[in-house]
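Worksheet for the structure shown next.
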Amino acid sequence: MTADNAMTADDHVVFVVDDDERLREAIGELLASHGMQAIAFGSAGEYVAADKPDLPSCLILDVELPDINGLDLQSQIAGRDHPPIVFITGHGDIPSSVRAMKHGAVDFLAKPFNDTDLVAAIHAAIDRDRRDRSERADLVQLRQRYLGLTPREREVLPLVVSGLLNKQAAAELGISEVTLQIHRRNVMQKMAAASLADLVRFSERLGIPVTHSRRGGGDPA
């Protein structure tokens, strides 16, 4: 399978980083037989420098590479939006596998590995990446909605999700209860929240601090 053909895949891609050309070809043939698209690299540097398609992905990564240890590469790209990793190695040991899994690897397979195990790990990695991408897209949308709030509505939001009554939140801001209700309705609409529970969940995902606690009883609506 050529890199050009792999780049045309419209639903996924598997990156293979291993300095053994024969193994890269074997993995490419295996993936092709399962309808999966692959792009292969002989070193970590080639992989890092390459332009990559923005698709759900998996990174099959050898531990021993000519330019950098695969575990060190995993550490370097930690915190970035990168594909879930499936490690393959001919020099596996327990500390290395523990380190890899602790930092989020999907699997750690010793060479020669079982084809079924590799394919299963790749499917799991791609499924994880699909979920992660969906969650990131949802968060971007939430942030855009939040940026659409007025400064006053951004003051109202944390008070509402804190569980304060309308009259308590209004008193906190020094505005009338009627005005508070208008702002609250606008917040709900702009954030596309069908319920207070939705708004609380959105706020948690956005990391909006809740510094007040509900005081008194009654209907919070």
Inset, instruction - Return the distance in nm (one decimal) between the two label points of a simple spin-label model at A194 and N114, each offset 7 Å from Cα along Cα→Cβ. - result: 4.3 nm
Inset, instruction - Quick one: which residues, 5+ away or cross-chain, put their amide H under 5 Å from the amide H of L109? H built at 1.01 Å from N. - result: F87, I88, T89
Inset, instruction - Relative to the longest principal axis of the C-alpha atoms of the chain, give the angle of the C-alpha long axis of helix 177-190, reported between 0 and 90° and rounded to the nearest 10°. - result: 20 degrees
Inset, instruction - Return the distance in nm (one decimal) between the two label points of a simple spin-label model at Q76 and V210, each offset 7 Å from Cα along Cα→Cβ. - result: 4.2 nm
Inset, instruction - Calculate how steeply helix 21-33 sits against the longest principal axis of the alpha-carbon atoms of the chain, using the helix alpha-carbon long axis, and give the answer as 0 to 90 degrees to the nearest 10. - result: 60 degrees
Legend entry - Alpha-carbon centroids, region 157-209 and region 89-121: separation in whole Å: 47 Å
Inset, instruction - Taking amide H positions as placed in the peptide plane 1.01 Å from N, state which residues far from Q37 in sequence (5 or more) or on other chains have amide H under 5 Å from it. - result: V14
Inset, instruction - Take peptides 174-181, 84-91 and line them up by average Cβ neighbours within 10 Å, highest first, as a rough protection proxy. - result: 84-91, 174-181
Inset, instruction - Could I have the simple spin-label model distance between A124 and E25, label points 7 Å from Cα toward Cβ, reported in nm to one decimal? - result: 3.1 nm
Inset, instruction - Keeping to pairs on different chains or 8 or more places apart, tell me how many lysine pairs in the chain have Cα atoms under 30 Å apart. - result: 4
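Between V178 and K52, take the C-beta separation as r, use R0 = 30 Å, and let me know the FRET efficiency to the nearest 0.05.
With a Förster radius of 30 Å, E is 0.05.
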Legend entry - Sorted by Cβ neighbour density within 10 Å, fewest at the top, the residues I126, I208: I208, I126
Legend entry - Net dipole in debye of region 28-174 [+1 Lys, Arg Cβ; -1 Asp, Glu Cβ; about Cα centre; nearest 20]: 840 debye
Inset, instruction - Provide the percentage of antiparallel DSSP beta bridges, counting only those with both residues in the chain; round to the nearest 5. - result: 5 percent
Inset, instruction - With everything on Cα atoms, drop me the angle between helix 151-161 and the longest principal axis of the chain, reported from 0 to 90° to the nearest 10. - result: 90 degrees
Inset, instruction - Any chance you could get the radius of gyration and Dmax over the Cα atoms of the chain, in Å? - result: 24.5, 74
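FYI, it's all coordinate maths here, none of it is from the lab. As the structure is a computational prediction, the values presented were derived from the model and not from experiment. Cβ coordinates were reconstructed from backbone atoms using ideal geometry, including for glycine residues, and neighbour counts include every protein chain displayed.
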